[in-house]
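Here the structure is laid out as structure tokens; the discussion comes afterwards.
The values are calculated or read from the model by the stated rules, or taken from the named source; none is laboratory data. None of the values given here were measured: they were computed from a predicted structure. Neighbour counts run over all protein chains shown; Cβ positions are idealised from the backbone, glycine included. Remember, those area values only see protein heavy atoms, side chains included, never the ligands or the DNA or RNA. Shrake-Rupley method; radii C 1.70, N 1.55, O 1.52, S 1.80 Å.
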Amino acid sequence: MRSLADVVGQVISDILSAFPFRMNRSGSASANMPLFFYNTLTGKKQEFTMLQRGEVKMYNCGPTVYGPQHIGNLSMFVFVDLLRRTLEFNGYKVKQAINFTDVGHLTGDNQGDADEGEDRMTKGLKREGMELTLENMRALGKKYADLFLEDLKLLNINTASTSFPRASDYIPQQIEMVKTLEKKGFAYRGKQGMYFDSSKFPAYGTLGNIDLSGIREGARVSSTSDKKNPTDFLLWKLSSQDTLGWDSPWGKGYPGWHIECSVMSRELLGDQIDIHTGGIEHIPIHHNNEIAQSESATGKKPFSRFWLHRAHVQIEGAKIAKSEGNTIYVSNVVERGFSPLVFRYLLLGAHYRTPASFSWDGMTAAQTSLNRLYNLYGSFRDNKDTGKNADPYIDMFRKRINDDVDTPGALAVVWELVKDPNVSAVKKYNALKDFDAVLGLKLESGSAANNVSIDELPPEVRALVDERETARGAKDWKRADELRSMVAAHGFNLEDSTKGPRISQK
């Protein structure tokens, strides 16, 4: 029999789940503010509410693991991490799944027809000189899935409680969903395999308000296809390789790219979810197809209540993509001498629904800003001065981050706070620690990692620091500022604290 304490504890837990709030580290309870997301499904910003009390169910379209992921791909998962942290900042628990596509994603997707072209995993096997077998396909997928997870760790993306399903682990379930769709009259056989009949789903194209008449008028249907409608799509594709594929009622083959996500989402999160994310390129086809097949199979609507989509990262106005020949990887960022967290900081400067601009000059500027933030944070930690509390900034930060994950606005609040001379240093420190739970910049470890002791400085820089301390003692602030600039010219930041000068490398 459960004790009274256990019963009371469960009641309190249920109340907190229904009415999330957060106690900030300044010691005061920040009032619960509404949380808004721009919902691609409705085309407007909406207050977030859960489907049912408990955990927020979130599915994030993951990578196709036939090669390394460039920073454009990875920007999606920085956003997903910020989204999860925002939910948790507001007191929600999150149940999350990020899939690995290791079969069925065809190269025709780049040209707007995901049913055409070569399987990307097959392309990867050929590139690496591997025999076309399921065993090798699985091995290739694991290789690049592991590399992806390493990149997430470098970008401080929290994966501790995230599920990472692989499409090839759910083949029986995918076959069952296709059978269900066939039985319900939503699927038909064609030359290439089993198709979903989009004409049987009147709401097709609702996501993103897609103009189906335009698609139908300009559609290019392959000579190898016998789709009834241009917007129909493959649920199961017959294989042209004897060594690649699985047996099914419709012949040996493999699942279509879209059915994989519907099945993995359903298996891990249930028939209906709260949030689904992806890139803006997923809106017209991939995500509309997911909605159509999921809702047709389960009979439950909506498949996902909120759909959030990230814009591309651009270099000189063009999106980063293998097809554009301008791919940059995390390894390239590190080779240039940047921490991957500098790239994370760079992304925070642009709202997720607007294209982020990448350049090496931009990375240098981001590094300077991030190092300054590390230094200030460290100086606040050791400073016990008195002053006003940071509650107004805490409220402003929450208001910004709760407004559709407005990271540029949240960063602006951070810099307003650190520059306010009237707020207590210890209150700044506590507030920044709270903010970093969302921003994920590792302020605690970063502020310590860059510090350099005076004894470690080159002799000429040490002499400048000593001279500056003398100038400060004499209250010669003009000379002190000049000497700070001279120290900076040698590649070192200098901040003042109650314990003396704090030095860090740029």
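See the values below:
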{"read-out": "Filtered residues of the range 218-251 (kept if at pLDDT 90 or above and surrounded by fewer than 14 Cβ atoms within 10 Å (Cβ to Cβ))", "value": "228, 247, 249"}
{"read-out": "Residue list for the range 271-305, filter: under 15 Å from residue 196 (Cβ atoms), among the polar types (S, T, N, Q) and surrounded by 21 or more Cβ atoms within 10 Å (Cβ to Cβ)", "value": "288, 289, 293, 294, 296"}
{"read-out": "Filter pass, residue 108 being under 28 Å from residue 193 (Cβ atoms) and surrounded by fewer than 16 Cβ atoms within 10 Å (Cβ to Cβ)", "value": "yes"}
{"read-out": "Where a residue in the range 189-201 is within 22 Å of residue 284 (Cα to Cα) and its partner, wherever it lies, is charged (D, E, K, R) and open to solvent by 70 Å² or more (accessible area, probe 1.4 Å), with Cβ under 9 Å and at least six apart", "value": "195/189; 195/228; 197/228; 198/228; 199/228; 200/184"}
{"read-out": "Per-region count, the range 207-217, residues in a loop (DSSP other than H, G, I, E, B) and either modelled with pLDDT of 95 or more or closer than 17 Å to residue 114 by Cβ (or both)", "value": "3"}
{"read-out": "When residues of the range 354-370 are limited to those that are touching a strand residue (DSSP E or B) at 6+ places or on another chain (Cβ under 8 Å) and buried (at least 21 other Cβ atoms within 10 Å of the Cβ), the one nearest to residue 311 (Cα to Cα)", "value": "356"}
{"read-out": "Residue in the range 410-452 that is modelled with the lowest pLDDT, counting only those that are charged (D, E, K, R) and open to solvent by 20 Å² or more (accessible area, probe 1.4 Å)", "value": "444"}
{"read-out": "Long-range neighbours under 6 Å by Cβ, at least six apart or interchain, first residue of a type in the set (A, V, I, L, M) within the range 252-278, second in a loop (DSSP other than H, G, I, E, B)", "value": "264/99; 264/165"}
{"read-out": "Yes/no for residue 294 being under 30 Å from residue 51 (Cβ atoms) and hydroxyl-bearing (Ser, Thr, Tyr)", "value": "yes"}
{"read-out": "In the range 255-268, the residues that are at pLDDT 95 or above and either crowded, with 22+ Cβ neighbours inside 10 Å or polar (S, T, N, Q) (or both)", "value": "255, 258, 259, 260, 261, 262, 263, 264, 265"}
{"read-out": "Pairs where the first residue, in the range 398-421, is under 14 Å from residue 432 (Cβ atoms) and in contact (Cβ under 8 Å) with a residue 40 or more places away in the chain and the second is open to solvent by 40 Å² or more (accessible area, probe 1.4 Å) and not hydrophobic (A, V, I, L, M, F, W, C), C-beta under 8 Å, 6+ apart", "value": "410/400; 411/349"}
{"read-out": "Residue in the range 363-380 that is within 28 Å of the chain's Cα centre (by Cα) and in a strand (DSSP E or B) present", "value": "no"}
{"read-out": "Test: residue in the range 453-474 that is buried (at least 22 other Cβ atoms within 10 Å of the Cβ) and hydroxyl-bearing (Ser, Thr, Tyr)", "value": "no"}
{"read-out": "Subset of the range 244-271 that is of a type in the set (Ser, Thr, Tyr) and touching a helix residue (DSSP H, G or I) at 6+ places or on another chain (Cβ under 7 Å) - its residue that is farthest from residue 65 (Cα to Cα)", "value": "248"}
{"read-out": "Long-range neighbours under 8 Å by Cβ, at least six apart or interchain, first residue touching a residue at least 12 places away in the same chain (Cβ under 8 Å) within the range 376-394, second part of a strand (DSSP E or B) and of a type in the set (Lys, Arg)", "value": "378/502; 379/502"}
{"read-out": "From the options 309, 351, residue that is open to solvent by 30 Å² or more (accessible area, probe 1.4 Å), out of contact with any Cys (no Cβ under 8 Å at 6 or more places or on another chain) and under 27 Å from residue 96 (Cα atoms)", "value": "351"}
{"read-out": "Residue pairs meeting the criteria (Cβ under 7 Å; at least 6 apart or on separate chains; first closer than 12 Å to residue 436 by Cα, in the range 82-96; second open to solvent by 10 Å² or more (accessible area, probe 1.4 Å) and among the basic types (Lys, Arg))", "value": "89/22"}
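Results for (1) assigned to a loop (DSSP other than H, G, I, E, B); (2) open to solvent by less than 70 Å² (accessible area, probe 1.4 Å); (3) at pLDDT below 95, shown as yes or no for each residue.
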{"position": "6", "(1), (2), (3)": "no, no, yes"}
{"position": "9", "(1), (2), (3)": "no, yes, yes"}
{"position": "17", "(1), (2), (3)": "no, yes, yes"}
{"position": "27", "(1), (2), (3)": "yes, yes, yes"}
{"position": "33", "(1), (2), (3)": "yes, yes, yes"}
{"position": "38", "(1), (2), (3)": "no, yes, no"}
{"position": "49", "(1), (2), (3)": "yes, yes, yes"}
{"position": "58", "(1), (2), (3)": "no, yes, no"}
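Yes/no matrix, rows are residues, columns are (1) assigned to a strand (DSSP E or B); (2) farther than 25 Å from residue 339 by Cβ; (3) touching a strand residue (DSSP E or B) at 6+ places or on another chain (Cβ under 6 Å); (4) modelled with pLDDT of 90 or more:
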| residue | (1), (2), (3), (4) |
| --- | --- |
| 469 | no, yes, no, no |
| 472 | no, yes, no, no |
| 475 | no, yes, no, no |
| 482 | no, yes, no, no |
| 488 | no, no, no, no |
| 494 | yes, no, yes, no |
| 501 | yes, no, yes, no |
